[in-house]
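To start, the structure itself, in structure tokens.
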Ligand SMILES: Cc1cc2nc3c(=O)[nH]c(=O)nc-3n(C[C@H](O)[C@H](O)[C@H](O)COP(=O)(O)OP(=O)(O)OC[C@H]3O[C@@H](n4cnc5c(N)ncnc54)[C@H](O)[C@@H]3O)c2cc1C
């Protein structure tokens, strides 16, 4: 019985959410009195995962893993879980993680909890806290099967560090081309942008920004803060911004440390995707805008004036 964590990386760098997942896995392993094992597939980052709590690391570099395919990755994680007797598997709830977890749950005949935001309670059974109803409620989910899979929302668990080095384990890899039913022929990757789901800081714009000609104000503040950019649904529907930036009930759910919303009214469907943010700052000309009720900080003012003032001030402080 051990805890297995999928260590997701991109172009030779582990994602921050991987360190969070490993820290979570180590805490859980300590709680259960067992081993914390990290698995890297296709490639790995440079860090030794022992620094984040992994006792052991498994790496698969077979060429079948070079292009991401949820089937081959689920197979690799499943075979590792079986060979190393792991009964809890932890995956970050990133795009990659979300596509692997359900396949893995079927392979392992496992109980699965998605949207996990708190450490598992293992005193009486195995229960985790998850978000529910588009972030409007919290659910306590009991996992009854022997095999358990948790997907952890990025930015939900702090990174812990250890003065340890993990042991590298070599396992037999039984993956074959015949295990994969579909092949990804090509992928188009956005470069130089912070992925929204993993961003700690997000600057978002709504219809109050008036048009694409003002979006540089959002981008300049984002660049000054090292933040990702997002938008409301009408903004992406009008093609002012790409759909990949649309947050809310029908868009992406995010949980940054700081969410700055400029010219967004705060409709319930928008809040559904952002209310998990640790701190919300709203800029709106209308003091009655509903978003102010959900805000930690509110600025009643014209976003076209407030955004550049904030950017200037931040750049001054950073000098
Ligand atoms: C089924 C369904 C699903 C939906 N899913 C989503 C979703 O996932 N995400 C989402 O965002 N919406 C979603 N919506 C739409 C949602 O209901 C709202 O219509 C939308 O969020 C409003 O976008 P907005 O705040 O940008 O625009 P508006 O509602 O037009 O608000 C603009 C705001 O900007 C303010 N403003 C105007 N000028 C300025 C200025 N110069 N400076 C500062 N503030 C200014 C105004 O006071 C106003 O509060 C959904 C709706 C439905 C029915």
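Coordinate-derived values only; no laboratory data. What you see is a predicted model; the values in this text were computed from it and never measured. Please note: Cβ atoms are built from the backbone with ideal geometry, for glycine as well, and neighbour counts cover all protein chains shown.
For a test of the definition: using alpha carbon positions, the gyration tensor, and the 1.5 limit on a/c, classify region 1-59 as rounded, prolate or oblate. Before the final figure, lay out each step's value.
Working: a/c = 2.35, a/b = 1.85, b/c = 1.27.
Prolate, since a/c reaches 1.5 and a/b exceeds b/c.
With springs connecting C-alpha atoms under 10 Å apart, model the chain as a Gaussian network and identify which of 305, 164, 20 has the largest mean-square fluctuation.
305
If you look at just the Cα atoms of region 231-285, how large are its Rg and its Dmax in Å?
When restricted to Cα atoms, region 231-285 yields Rg and Dmax of 10.4, 29 Å.
Using only the alpha-carbon atoms, how far is helix 303-318 inclined from the longest principal axis of the chain? Give it as 0 to 90 degrees, nearest 10.
60 degrees
Which value does Rg/Rh take for region 196-318 over its C-alpha atoms, Rh per Kirkwood? Before the final figure, lay out each step's value.
Values: Rg = 12.7 Å, Rh = 13.9 Å.
Rg/Rh: 0.92.
Which value, in nm² and rounded to one decimal, describes the direction-averaged projected area of the C-alpha convex hull of region 2-179?
On the way: hull surface 38.3 nm².
Averaging across all directions leaves 9.6 nm² for the Cα convex hull.
Under a GNM of the chain (C-alpha, springs under 10 Å), which listed residue has the highest mean-square fluctuation: 300, 282, 58?
Result: 300 has the largest fluctuation of those listed.
Which of these, 175, 123, 280, has the largest mean-square fluctuation under a Gaussian network model of the chain (Cα springs below 10 Å)?
Checking each option, the largest mean-square fluctuation is seen for 123.
I need the calculated FRET efficiency for the pair residue 109 and residue 223, taking r as the beta carbon distance and R₀ as 41 Å, to the nearest 0.05. Let's see the in-between values first.
Values: r = 47 Å, r/R0 = 1.15.
FRET efficiency, residue 109 to residue 223: 0.30.
Express in nm, to one decimal, how much length is gained between residue 181 and residue 132 on full extension, taking 0.36 nm for each residue of separation and deducting their alpha carbon distance. Numbers along the way, then the final one.
Numbers: separation 49, 0.36 × 49 = 17.64 nm, distance 3.25 nm.
Extra length available between residue 181 and residue 132 comes to 14.4 nm.
Assuming a ≥ b ≥ c are the square roots of the Cα gyration tensor eigenvalues, decide whether the chain counts as rounded (a/c under 1.5), prolate (otherwise, with a/b larger than b/c) or oblate. Kindly include the intermediate steps, with their values, before the conclusion.
Values: a/c = 2.05, a/b = 1.81, b/c = 1.13.
It comes out prolate by the Cα gyration axes.
What whole number of Å gives the distance from the Cα centroid of region 70-89 to the Cα centroid of region 146-203?
13 Å
Would you mind pulling out the separation of the Cα centroids of region 209-227 and region 16-52, in Å?
36 Å
By how many degrees, between 0 and 90 and to the nearest 10, does the Cα long axis of helix 95-108 differ from the longest principal axis of the chain?
So the helix axis and the longest Cα principal axis differ by about 30 degrees.
If one takes the longest principal axis of the Cα atoms in the chain, at what angle in degrees, from 0 to 90 and to the nearest 10, does the Cα axis of helix 215-225 lie?
Taking the Cα atoms of the chain, the angle to 215-225 is about 60 degrees.
Determine the relative contact order of region 201-264: mean sequence separation of Cα pairs under 8 Å and six or more apart, normalised by residue count, in whole percent.
Values: 106 pairs, mean separation 29.1, N = 64.
It rounds to 45 percent for region 201-264.
Using alpha-carbon positions, what is the distance between the centroids of region 280-303 and region 233-279, in Å?
Rounded to whole Å, the Cα centres lie 14 Å apart.
Under a plain spin-label model, where a point goes 7 Å from the Cα along Cα-to-Cβ, how far apart in nm are residue 121 and residue 172?
Here the modelled spin labels are 4.3 nm apart.
Hey, rough spin-label estimate for residue 257 and residue 194, points 7 angstrom out along Cα→Cβ, what's it come to in nanometres?
Reported label-point gap for residue 257 and residue 194 is 0.9 nm.
From the square roots a ≥ b ≥ c of the eigenvalues of the alpha-carbon gyration tensor of region 103-210, which class results: rounded (a/c under 1.5), prolate (a/b over b/c), or oblate?
On the way: a/c = 1.55, a/b = 1.14, b/c = 1.36.
Oblate, because a/c is 1.5 or more while a/b does not exceed b/c.
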